[in-house]
1. Give the calculated FRET efficiency between L152 and Q188 to the nearest 0.05, with a Förster radius of 25 Å applied to their Cβ-Cβ distance.
2. Considering amide H positions built from the backbone, and no H for Pro or chain starts, which residues 5 or more places from L35, or on another chain, come under 5 Å of its amide H?
3. So what does log10 I(q)/I(0) come out to for the stretch 35-78 at q = 0.22, 0.28, 0.31 Å⁻¹, using the Debye formula with one equal point on every Cα and no solvent?
4. Say each of R201 and R171 gets a label point 7 Å from the Cα, pointing the same way as Cα to Cβ; how far apart are those two points in nm?
5. Using the basic label-point model (7 angstrom from Cα toward the beta carbon), what is the R252 to E224 distance in nanometres?
6. Over 10 Å intervals from 0, what percent of Cα-Cα pairs in the stretch 156-223 sits in each interval?
7. For a quick check: with amide H placed at 1.01 Å from N, whose amide H comes under 5 Å from A133's, ignoring anything fewer than 5 positions away on the same chain?
8. Quick one: what are the phi-derived ³J(HN,Hα) couplings along the stretch 178-183, Karplus 6.51/-1.76/1.60 with θ = phi - 60°, whole Hz, x for glycine and proline?
Amino acid sequence: MTLQRSSAYATTAGVPAQPAAPVRERVGAHAPPVLRDLRGRAGRGPRALTFAAGDLVVVSGLPGSGKSTLIKRAVAAAGARPAAGPGPGPGPGPGSGSRSGSGSGSRGGPDAPEGSDTAAAPGPDIATESGPACGIDSQDTRDRWDAAVPRLLPYALYRPFVRLAHYAGLRRALRSGRSVVVHDCGTQAWVRRWLAREARRRGTGLHLMLLDVPPEVARQGQRERGRGVSGYAFARHRRAAGRLIADAEAGRAPAGCASVILLDRPAATALDRIGFTAG
């Protein structure tokens, strides 16, 4: 994997566009994955990351690291909106309501990163963004179910339905051909394999954005959002995230990834937009 340090790609005036290349050439079998390390810049990271039209972007990291906040802010700023997946409608009825609060039955959903140049993703030029893109976040699906089911019903009882609804929404978004930004907890390697197959089928790229946040900061993020995960689940997330980050630092990308982008909390805070070129 080719290492590209952040200092080579971020200036106060922005980053020069990279030479355009056909999609097939950019994501071909002979193109090595690219690592972009945007950590350690004390909040002076890129304000935008721009990918090719039709590319898929996975945002991964610990529960509480800021994945959901980043997706909501950066994808919405690019003119796209989170895609609504199947499931109960958002309107709560009698005896129902949105849940908050930590507990072992809670699955870690998103979080709170934070938000100063422009960096192009491997391959495409920085260009006019166009075409529909969407963000797919499992937390959005859970929130809709939380608001629709009776308040006293434990999440553990309807968790399988939430997950099915989330993956059904992701499948629908992928079949639409749109560019997609996907929330990933890091523990479901089969989801990345699925996305890699879809990227190959499209002839586009799969990109992994890794939030490298200390566990204590992630725990604080869970407390701030009023929802946490059990100690066992958090340990499992730590192992999965740790492997992904260690592999990236060693020059290894998950199978099928065209690039891996490492961000710490200040770099995630600086990132205001995840966009896609006109193709």
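Throughout, read-outs are computed from the coordinates displayed, never taken from laboratory work. Here the structure is a predicted model, which is why all the values come from computation and not from measurement. So basically every Cβ, Gly included, is an ideal-geometry build from the backbone, and we count neighbours across all protein chains shown.
1. Details: r = 29 Å, r/R0 = 1.17.
That gives a FRET efficiency of 0.30.
2. T2, L3, Q4, V260
3. -1.05, -1.40, -1.35
4. With each label placed 7 Å out from Cα toward Cβ, I get 1.1 nm.
5. Simple spin-label model gives 3.3 nm for this pair.
6. Here the calculated profile for the stretch 156-223 is 16, 42, 31, 12, 0.
7. Under 5 Å from the amide H of A133: R81.
8. 6, 5, 9, 10, 10, 6
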